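The values are calculated or read from the model by the stated rules, or taken from the named source; none is laboratory data. Just so it is clear, the model here is predicted, and its values are computed rather than measured. Don't worry about glycine lacking a Cβ; one is built from the backbone with ideal geometry, like all the others, and counts go over all protein chains shown.
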Amino acid sequence: MSGLAQKYGAVMSHVQLAPSPESLSATRIDTGGASLVIGCDLVVTASSDAIAKMAPGRTDAVVNASVTPTAEFVRNPNWQLPGTDLRRDIGEACGADHAAFVAATELATGLMGDAIATNMLMLGYAFQKGWVPVSAASLERAIELNGVAVDFNKQSFLWGRRAAVDLAKVERIAKPAEVIALGEHFSRSLDELVDRRVKHLTSYQNAAYAERYRKLVDRVRNREQEVMKSTKLAEGVARYYAKLLAYKDEYEVARLHADGALERKISGMFEGDYKLVFHLAPPLIAPRDRVTGELRKMRFGAWMLPVFRVLKSLRGLRGTAFDVFGYTEERRMERSLIAEYEADVERLLARLSPANHSLAVQIASIPEEMRGFGHIKTRNVAAAEKKRAELLAKLESPQAERAAA
């Protein structure tokens, strides 16, 4: 085995089968020498080290198609799952007809209730395909001799074999068909986009807050229709004005935790005794890191659930003189971003023309880049504000004014 499993790094196991120990002369598989690759992690399987062991016409591969985000997901807010490119690389390395991609993590979780069954499920899949030159009885005996969760691992192995025979049927069993509620699909029109956010903002604060949102979007829609017969600017304002209005503060965190959905989800995933722990950084009591000056998260127990319910009932204080959280630097910044955006939209409406319409859409979409929370959001806001200043300068340049005229 190579890698840094105990340090959360990638691990590769070089497994060789032979009639006798004397037939094996090396501990590692040579370049292009793998007959079978069982890739339990798509990102690792597409790494240069793993790809080097594959060869077209020689290597069969069964790969877990469930992508686990890497550390880059935390550092880069624009990070995207690289699944499509990774699949192509693996297919080119061993031949498209010799690579099977299975959403093994989802299947294992749905069938066995635990993602740890993924690896054994994939072994069963590879065995049933005829890629593992060992008998089923021998593999099951090895599971017994290992003496750890014997029945669990045997069942996982069997589900893998079944998936190799009829993957569609196994997927239906693991993930029963569900009727998608009307509110769970992507918005198909501007009206639907606005209505969903009005509903959310009403729950977030109140009906008056939602009406403030709707009025501005309607003004943008009407003006854009006069100028362009388009809805792109209205769609941008509808998305990103709502994003700024519904900033995730202490009251919103409490509301999301106090609606009962969290407890229902947990009870559906776990049985018996379990303990809830919340990692929070309350701005009024959380300590700051001595080096970075950023708030450090603290651990809180399940007793926070009643506290969340109380905070949820107090969300009407948000933005008022009685809002104890509203005096922090981060909350003041979020309220100022709302006022700034409203002023920018007024400026866009006053200058809107076919010549600057595309530029106006870009300006209206700037909040898309204001992602994250705490110090991460503060950093992203600073970068977005720089871009905003550059785009507004273009909007008000003499060339833009002449084009509008």
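Can you tell me how many residues within region 225-251 are within 19 Å of Asp195 (Cα to Cα) and of a type in the set (Asp, Glu)?
1
Give region 111-143 a look and list any residue that's surrounded by 13 or more Cβ atoms within 10 Å (Cβ to Cβ) and either among the polar types (S, T, N, Q) or more than 21 Å from Val37 (Cβ to Cβ) (or both), or say none.
Leu111, Met112, Gly113, Asp114, Thr118, Asn119, Gln128, Glu140, Ile143
May I ask you to verify whether Thr328 is over 30 Å from the mean Cα position of the chain (by Cα) and more than 19 Å from Leu216 (Cβ to Cβ)?
no
Please count how many residues of region 89-141 are under 21 Å from the mean Cα position of the chain (by Cα), of a type outside the set (Val, Ile, Thr) and not in a loop (DSSP other than H, G, I, E, B).
7
Within region 304-345, work out how many residues are modelled with pLDDT under 95, among the polar types (S, T, N, Q) and more than 16 Å from Pro282 (Cα to Cα).
So the answer is 2.
All but one of (1) aliphatic (A, V, I, L, M); (2) out of contact with any strand residue (DSSP E or B) (no Cβ under 6 Å at 6 or more places or on another chain); (3) touching a residue at least 24 places away in the same chain (Cβ under 8 Å) hold for Met122, so report the exception by its number.
For Met122, the exception is condition (2).
Any idea which residue in region 249-308 is nearest to Thr109 (Cα to Cα), counting only those that are exposed (fewer than 13 other Cβ atoms within 10 Å of the Cβ) and either acidic (Asp, Glu) or in the same structural domain as His375 (by TED's automatic domain parsing) (or both)?
The qualifying residue nearest to Thr109 (Cα to Cα) is Glu271.
Scan region 246-261 and tell me whether some residue there is among the hydroxyl-bearing types (Ser, Thr, Tyr) and free of Cβ contacts under 8 Å to residues at least 40 places away in the same chain.
The answer is no; no qualifying residue exists.
Could you tell me whether Ala174 is surrounded by 14 or more Cβ atoms within 10 Å (Cβ to Cβ), within 27 Å of Ser267 (Cα to Cα), touching a residue at least 24 places away in the same chain (Cβ under 8 Å) and small (Gly, Ala, Ser)?
Taking the combined requirement at face value, the residue satisfies it.
Give me the helices (runs of 4 or more DSSP H) completely within region 315-405, filtered to those with at least 3 residues that are surrounded by fewer than 16 Cβ atoms within 10 Å (Cβ to Cβ), ordered by residue number.
329-351, 374-395, 398-404
Applying the selection to region 278-293, what residues are of a type in the set (A, V, I, L, M), part of a loop (DSSP other than H, G, I, E, B), under 21 Å from Asp249 (Cβ atoms) and modelled with pLDDT of 85 or more?
Ala281, Ile285, Ala286
Pull up region 201-234, narrow it to residues that are outside the structural domain of Gln362 (by TED's automatic domain parsing) and not in a helix (DSSP H, G or I), then point me to the one that is surrounded by the fewest Cβ atoms within 10 Å (Cβ to Cβ).
Asn206
Quick one: Ile180 ticks every box in (1) surrounded by fewer than 16 Cβ atoms within 10 Å (Cβ to Cβ); (2) at pLDDT 90 or above except a single one, so which number is it?
(2)
Taking the options Glu385, Glu342, name whichever one is in contact with a Leu (Cβ under 8 Å, 6 or more places away or on another chain), of a type in the set (Asp, Glu) and not assigned by TED's automatic domain parsing to the domain that holds Pro283.
Within the list Glu385, Glu342, the selection yields Glu342.
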